[in-house]
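Colleague: Input: one structure, supplied below.
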Amino acid sequence: MQIGLSMKTTTIPSLRVSPKLRKQAEDVLEQGETLSGFVLDALTRSIEYRKSRQAFIARGLSNAARAKETGKYVPADKVIGKLARKLVKAKQRAA
């Protein structure tokens, strides 16, 4: 993530952690990576994950409401069967 020169920045509140957790974080730093960079990356990834999760849940709720309105549902056994066939094909491709 690169911040433009004209963009104002702010700080995230200080985070107090145990010495053990800090050591664990320092132990996984990559060459030239700083602890601050690691924390920024983790925060950015967590935000994106949560946005994605929220969007997934919103789509699911929307689809459930639409199914309830229309009365059109796909039985669970059909969905599971299709997923099982996809899994078999994926395993065959991987082998």
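The values are calculated or read from the model by the stated rules, or taken from the named source; none is laboratory data. Please read these numbers as outputs of a predicted model, since none were measured by experiment. Every residue, glycine among them, receives a Cβ derived from its backbone with ideal geometry; neighbour counts consider all protein chains shown. Note: areas computed on protein heavy atoms with side chains; ligands, DNA, RNA excluded. Shrake-Rupley method; radii C 1.70, N 1.55, O 1.52, S 1.80 Å.
Colleague: Keeping every protein chain present and rolling a 1.4 Å probe, give me the accessible area per residue for the chain in Å².
Modeller: On a per-residue basis, 99 Å².
Colleague: Residues of the stretch 40-54 with backbone nitrogen within less than 20 Å of a virtual label 7 Å along the Cα-to-Cβ line of T11, please, listed as ranges.
Modeller: 40-44
Colleague: Given 20 °C and 1.002 mPa s, how large is the Stokes-Einstein diffusion coefficient of the chain in µm²/s, with Rh as the Kirkwood radius over Cα pairs?
Modeller: Result for D is 115 µm²/s.
Colleague: Give the range of the longest stretch in the chain that excludes all trypsin sites (Lys or Arg not before Pro) found in loop regions by DSSP and having at most 12 other beta-carbon atoms within 10 Å.
Modeller: 17-71
Colleague: Can you give the accessible area of L43 in Å² (nearest 10), computed on protein heavy atoms with a 1.4 Å probe?
Modeller: 70 Å²
Colleague: Further question: Considering only DSSP states other than H, G, I, E and B, which GluC sites (Glu not before Pro) in the chain qualify as loop sites with at most 15 other Cβ atoms within 10 Å?
Modeller: Passing sites in the chain are E30, E33.
Colleague: Given only helices, namely DSSP H runs of n ≥ 4 each adding -39500 (n - 2.57), what is the per-residue ellipticity at 222 nm of the chain, to the nearest 500 deg cm²/dmol?
Modeller: Per the formula, -23500 deg cm²/dmol.
Colleague: Next question. Helix 35-70: angle to the longest alpha-carbon principal axis of the chain, degrees 0 to 90, nearest 10?
Modeller: So the inclination is approximately 20 degrees.
Colleague: Which aspartates and glutamates, on any chain, are close to K20 with Cα under 16 Å apart, when same-chain ones fewer than 8 places away are left out?
Modeller: none
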